[in-house]
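See below for the structure under consideration.
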Amino acid sequence: MKVERFAREYPDNPCGLLRMGPPGIGKTHLAVALIHRLVLNKGVPCLFYDFQDLLKEIQNSYNADSGTSELGVLQPIFAANVLVLDDLGARKPTVWVEETLAHIISTRYNDMKTTIFTTNYLDSPSGRNEVTLTERIGDRVRSRLYEMCQVVEMSGADYRRDIRKMDHRT
Ligand SMILES: Nc1ncnc2c1ncn2[C@@H]1O[C@H](COP(=O)(O)OP(=O)(O)OP(=O)(O)O)[C@@H](O)[C@H]1O
Ligand SMILES: [Mg+2]
């Protein structure tokens, strides 16, 4: 779905997006462009989080010295009308990671909040030994994402290659 269309239709169509594809093709770029539009054009409260950073913050919040409670970290995640969770599945799945993610997703799902995910993992990767998204995030979360999000599978060239070429020229 095009960024312009998504921004135009929000909040009439609160369905989220799951952008899947290889590194460097612009998944994060498009997610940021989208919330930029929603904030500037419509004043929608949006939040961007890298998946690994979020998990680290939640983990740190267990530390009494850090001064943040777990709920203090999670509250804005639950409250944001539109949340971008970038690089879903980037952290090795453990029981704690799966449970934490399931908690976040279930809460946003129940509150009918829009969530935009990006991920390098696919449902049906072409390489035989490649790990699937379900293997990275667990069955429960993947199942909910079917209902919460429209899947956009992206392919194409890695923009980062062109950035390096430009660096060589200067
Ligand atoms: N449409 C575009 N035009 C020009 N540059 C772009 C475009 N999309 C992305 N880029 C640039 O290409 C680089 C890679 O983009 P981005 O970080 O969005 O990729 P990604 O798909 O999220 O990669 P990863 O899976 O590694 O997170 C960034 O420097 C970004 O600014
Ligand atoms: Mg990215």
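Quick test for you: out of V73, V84, V97, V131, pick the one residue that is aliphatic (A, V, I, L, M), farther than 20 Å from L17 by Cβ and touching a Phe, Trp or Tyr at 6+ places or on another chain (Cβ under 7 Å). Even if it seems obvious, please write down each step before you answer.
Numbers: V73 fails: touching a Phe, Trp or Tyr at 6+ places or on another chain (Cβ under 7 Å); V84 fails: farther than 20 Å from L17 by Cβ; V97 fails: touching a Phe, Trp or Tyr at 6+ places or on another chain (Cβ under 7 Å).
Checking each option against the conditions leaves just V131.
Got a sec? Which of L54, L34, L71 is within 16 Å of ligand 2 (Cβ to nearest atom) and closer than 18 Å to T107 by Cβ?
Working: L34 fails: closer than 18 Å to T107 by Cβ; L71 fails: within 16 Å of ligand 2 (Cβ to nearest atom).
Residue meeting the stated conditions: L54.
Among the candidates K56, K92, K42, single out the residue that is over 12 Å from T118 (Cβ atoms), open to solvent by 10 Å² or more (accessible area, probe 1.4 Å) and at pLDDT 95 or above.
On the way: K56 fails: at pLDDT 95 or above; K92 fails: at pLDDT 95 or above.
Checking each option against the conditions leaves just K42.
The values are calculated or read from the model by the stated rules, or taken from the named source; none is laboratory data. None of these values were measured; they are calculated from a predicted model. Every residue, glycine as well, gets a Cβ built from its backbone with ideal geometry; the counts of neighbours run over all protein chains shown. For accessibility, only protein heavy atoms count, side chains too; no ligands or nucleic acids. Shrake-Rupley method; radii C 1.70, N 1.55, O 1.52, S 1.80 Å.
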